[in-house]
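Only the coordinates and a few stated rules stand behind these numbers; no lab work does. Only a predicted model underlies this, so the values are computations on that prediction, with no experimental measurement involved.
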Amino acid sequence: MPLTAVVEPEELKKLTKVLDDYCLERNIPAGDGRDNVAYRILGLYKNGVTDAENLKAALENSGSLDATG
């Protein structure tokens, strides 16, 4: 997924925290599984889901994200 939007440093910190929290809660290690979650977060962000709580909710509603995506 190409990301063409510019993400400001404060926004990047927020996205990283959402990623870290989600992966920690689900014991998703670094690697493909975590990468899949990151791509999903970026896709949501690019489509207008920019609030941390809304991102978390969208991830919850999207079902299991593991190494297969």
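Observations
- Nearby aspartates and glutamates by direct alpha-carbon distance to Lys14 (threshold 16 angstrom, same-chain neighbours under 8 apart not counted): Asp51, Glu53
- Using θ = phi - 60° and Karplus 6.51 cos²θ - 1.76 cosθ + 1.60, couplings along segment 31-41 (whole Hz; Gly, Pro as x): x, 4, x, 5, 4, 4, 5, 4, 4, 5, 4
- Largest-first principal axis extents of the Cα set of segment 9-61 (Å): 26, 26, 16
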